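This report refers to the structure that appears directly beneath it.
Read the figures in this text as sums done on the coordinates, not as results from a lab. Here the structure is a predicted model, which means the values were calculated and not measured. Cβ coordinates were reconstructed from backbone atoms using ideal geometry, including for glycine residues, and neighbour counts include every protein chain displayed.
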Amino acid sequence: MILCRTIAELKNELYSIKHSNDQATIGLVPTMGFLHEGHASLMRQSVAENIASVLSIFVNPMQFGPNEDFERYPRDEARDLAIAKENGIDIVFMPEVKEMYPSKPRTSVMISQLTERLCGASRPGHFDGVGLVVSKLFHLVQPDRAYFGMKDAQQLAVIQQMTDDLNIPVEIVPCPIVREPDGLALSSRNVYLSAEQRQQAVVLSQSLALAKQMVEEKGITPEELIARVKAKISEAGQAEIDYVEWLTYPSLELPAWNEPIADHSEKYILALAVKFGSTRLIDNALFVPNTRGE
């Protein structure tokens, strides 16, 4: 495994791979580090499907708001490199902020409509920063495939839209959410939770499981489903709901609010964002009417 801290080093290594095998496919796993089993599952899929795999580790300041946790975002370089090596990564690209942004960027990559709800509404400018850094990584690595987890389902939809709109020649590969044994979705931010908050946070996956049961109920509407999911989450005393939304996916449009869910054939997402203290967690599940979700 090769560690590259500069763009020049990254380009040299990719040049060697592509010119030693003109049929080589490159997989990219973009991350902000503090890796866990969710990231590892993306790495393993990339390694299985490509000749070479690149893992990027970069805490991108452009996607953090002024009152968010950029400075205290968890970092553990030695552990991250060990996990990357264990999972077969060929190149780790770990640049400093000055390497990616030598000066303040004057370009943004804005994706409209898809970013107006969910985390886009709660975190203004967040997805402009995501679009910018992902487009930079796509241009630097020029991967054949890029791997993203479904936990950040809105991010996945935004990146797919950007890729399609700009004709970027990369296949976006969605990967399933990885969970703890009790159902909590793996997240680098889980380390912020106190013991009591960690215990209460399982209510997110429990509320998604409840939703899967409710979708099977004849005549249930999005309005009724959301009300009951919110009531379930509120059973956790430290839970502060940011949003609970039922939308079409990946278009992220509002459905007919008072019409039975089962009357429609679109794919839907139930997306949650909930704070426990200062820690904001997200989770989601996909549904198709008359099934139990995906």
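Side notes on the structure shown:
- Quarter of the Cα convex hull surface for region 32-94, i.e. its orientation-mean projected area (nm²): 4.5 nm²
- Sites listed here are GluC sites (Glu not before Pro) in region 228-260 whose DSSP assignment is loop and whose Cβ has at most 14 other Cβ atoms within 10 Å: GLU235, GLU253.
- For region 114-183 versus region 1-60, the inter-centroid distance based on Cα atoms is 17 Å.
- Inverting the pair-averaged 1/r between distinct Cα atoms of region 188-287 gives 14.0 Å as its Kirkwood hydrodynamic radius.
- Degrees, to the nearest 10: 153-165 long Cα axis against longest axis of the chain: 60 degrees
- Beta bridge orientation in the chain: antiparallel %, DSSP, nearest 5: 50 percent
- GNM flexibility winner over the chain from ASN258, ASN190, ASN60 (Cα, springs under 10 Å): ASN258
- When +1 charges are put on Lys and Arg Cβ atoms and -1 charges on Asp and Glu Cβ atoms, the dipole computed for the chain relative to its Cα centre reaches about 500 debye.
- In this simple spin-label model, placing a label point 7 Å from the Cα along the Cα-to-Cβ direction at both ILE51 and ARG106 gives a separation of 3.9 nm.
- By the rule of a C-alpha distance below 28 Å, with chain neighbours fewer than 8 residues away ignored, the lysines paired with LYS212 are LYS151, LYS230, LYS232, LYS267, LYS275.
- Region 188-287 - charge dipole about Cα centre, Lys and Arg +1 at Cβ, Asp and Glu -1, debye rounded to 20: 440 debye
- Taking each DSSP H run with n ≥ 4 as -39500 (n - 2.57) and averaging over every residue of the chain yields -10500 deg cm²/dmol at 222 nm.
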